[in-house]
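The values are calculated or read from the model by the stated rules, or taken from the named source; none is laboratory data. All of these numbers come straight from a predicted model, not from anything done at the bench. Because the Cβ atoms are built from the backbone with ideal geometry, glycine has one as well, and the counts that use them run over all protein chains shown.
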Amino acid sequence: MSRPAAKVTIREVAERAQVAISTVSHAFSGSRPISQATRERVLRAAAELGYDPNPSARSLRTGRSGIVGLVLRPRYAVTGTPDRAETFNRLVGSIATEMLRRKTGLIHVPDIDDPSVARVPMDGCIVAHPYGDDSVLTELTRRGIPVVTVEEDPERPGFPWAVRLDYPAVVTALLDHLREQGARRITLFTGTEDNAWNRRTRETYLAWSARRRRTPRVEVLSEGLTPDDAAAAVRPLLTGRSRPDAVIIATSDFAALVTRVAAAEGLAVPDDLMVASLTDTEHSRTASPPITAMDLNHEKLAEHAVELMLARLSGAGEPREPLVIAPVLHLRASTRRA
């Protein structure tokens, strides 16, 4: 009869398999090459004794660990202002909650190129907000790890195991709203991160401008700028002869900063300058006036990404196309003229 796993030590497994303790460790961790025959002898001894040290061991015997990895790609996700932390905390927290509901483990993978990550027993991996032609997706595919993306890789729009946001519909609605409120010179301050959020919103703005026969006004405002640097970049554009009468800012912390710069230059929001943001956080909700913003609906993204991941792991057929989720546009006082 097998003894309870808690009473079995790695030494006993080594003795039964007639190998060194380090060989048992290597058999379970994969950290050193050992022969297939030796590995099988160690696993057989462990099974007979009821030894089960960790998820890695279970993974070696069953082929499943019950753990899914999470890779958060935006390099500025946890740097800079609390705005960035709130935006991505919503996503990470929602994914963790959905995994917990389904009794599946979740592990954050900070660097897929770290050699130690190769030993993480992931059944699959969720990659959030990938870059164009993302190297992490390429590497995970090379390793044979099932992948689901939260947002599309903009260079792989046909990748079916993805949950993405319908940016064109919401950004078009925002631009139409600004036009209805009297905006004639709308400037888009786009970010530098090469992901779907920046690419698709920029493409939508350019297409809308072409349809309306308006000259597009696009400025680049890196997500990595300090508040002082961002203010210095924006101020000349708000005080020039052809200054915009409406601006769309990628991040809500910079949108709130623009309202402060405008006030310092004697511009009233929204009468002189309408301001909107492509993310929604405390910065946009508590600004004076509150800022119109696009909510990325991270809770829904997380829910459907987890469902898709578990479906893929259970052997479900490949979807015909990515699942599309609608962002939520919150119209507030910063774009509502009397």
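Summary table below
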{"item": "Number of the condition not met by Thr141 [criteria: (1) outside the structural domain of Asp271 (by TED's automatic domain parsing); (2) surrounded by 14 or more Cβ atoms within 10 Å (Cβ to Cβ); (3) polar (S, T, N, Q)]", "result": "(2)"}
{"item": "Close pairs from the range 313-338: first loosely packed, with under 12 Cβ neighbours inside 10 Å, partner assigned to a helix (DSSP H, G or I) and of a type outside the set (A, V, I, L, M, F, W, C), Cβ under 9 Å, at least 6 apart", "result": "Glu318/Arg312"}
{"item": "Residue in the range 224-243 that is over 16 Å from Ala293 (Cβ atoms) and in contact with a Ser or Thr (Cβ under 6 Å, 6 or more places away or on another chain) present", "result": "no"}
{"item": "Residue satisfying condition, being at pLDDT below 55, farther than 21 Å from Gly105 by Cα and assigned to a helix (DSSP H, G or I), within set Ala37, Ala6", "result": "Ala6"}
{"item": "Evaluation of Pro55 against (1) crowded, with 19+ Cβ neighbours inside 10 Å; (2) touching a strand residue (DSSP E or B) at 6+ places or on another chain (Cβ under 8 Å); (3) modelled with pLDDT under 80 (one fails), failing number", "result": "(1)"}
{"item": "Flag if Asp133 is assigned to a loop (DSSP other than H, G, I, E, B) and either at pLDDT 95 or above or buried (at least 22 other Cβ atoms within 10 Å of the Cβ) (or both)", "result": "yes"}
{"item": "Residue in the range 171-185 that is among the hydrophobic types (A, V, I, L, M, F, W, C), modelled with pLDDT of 95 or more, in contact with a Leu (Cβ under 9 Å, 6 or more places away or on another chain) and part of a loop (DSSP other than H, G, I, E, B) present", "result": "yes"}
{"item": "Only one of Ala276, Ala262, Ala246, Ala183 that is of a type in the set (A, V, I, L, M, F, W, C), buried (at least 17 other Cβ atoms within 10 Å of the Cβ) and closer than 24 Å to Pro74 by Cα", "result": "Ala276"}
